[in-house]
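Single-structure report; data block below.
Every number in this text was worked out from the coordinates using simple rules, so none of it is lab data. For clarity, every value in this text was computed on a predicted model and none was experimentally measured. Note that each Cβ is placed from the backbone with ideal geometry, even for glycine, and that neighbours are counted across all protein chains shown.
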Amino acid sequence: MMKAFSNVSLRQILVSCFDSPKAASTLAVDLDIPLSTAYNYVHELMEAGLLAVERSVITSEGKRFAMYRSVAREIRFLVSSNGTTVEVFPNEEATTRFYRLWSSLKKVK
């Protein structure tokens, strides 16, 4: 998780996805980075458990893309002589949406 915060662009992506989900293409434009880099950063944040797919969108041309959302509203790091402590405060709106989605998927079985 600490690695995710060593890169300014990773932090910007995370903050950008706090309030609303964003597509990788939107993140690439907003941060002025190549689309491939945006996807790599999104993947890193997902691997760290900080970003998740909120929903998939299918365009009128039939193309599918993911909308990403931060699973944390706030993250605090405390570095002391006792070590490093990380506090993650969940993004309640995202958590509620994920729970609702998961619950609906379980009912489909």
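Taking a ≥ b ≥ c as the square roots of the eigenvalues of the Cα gyration tensor of the range 30-76, is the shape rounded (a/c under 1.5), prolate (a/b larger than b/c) or oblate?
Numbers: a/c = 2.37, a/b = 1.49, b/c = 1.59.
Taking the square roots of the gyration eigenvalues as a ≥ b ≥ c, the range 30-76 is oblate.
In order along the range 38-52, phi translates into HN-Hα couplings of 4, 5, 4, 5, 4, 4, 4, 5, 5, 4, 7, x, 9, 9, 9 Hz, rounded to whole numbers, per the Karplus curve 6.51 cos²θ - 1.76 cosθ + 1.60 with θ = phi - 60° and x for Gly and Pro. Assuming charge only on the beta carbon of Lys and Arg (+1) and of Asp and Glu (-1), the dipole of the range 1-90 about its Cα centre is about 120 debye to the nearest 20.
Here S25, S56, S70 are placed in order of increasing Cβ neighbour count within 10 Å, fewest first, which gives S56, S25, S70.
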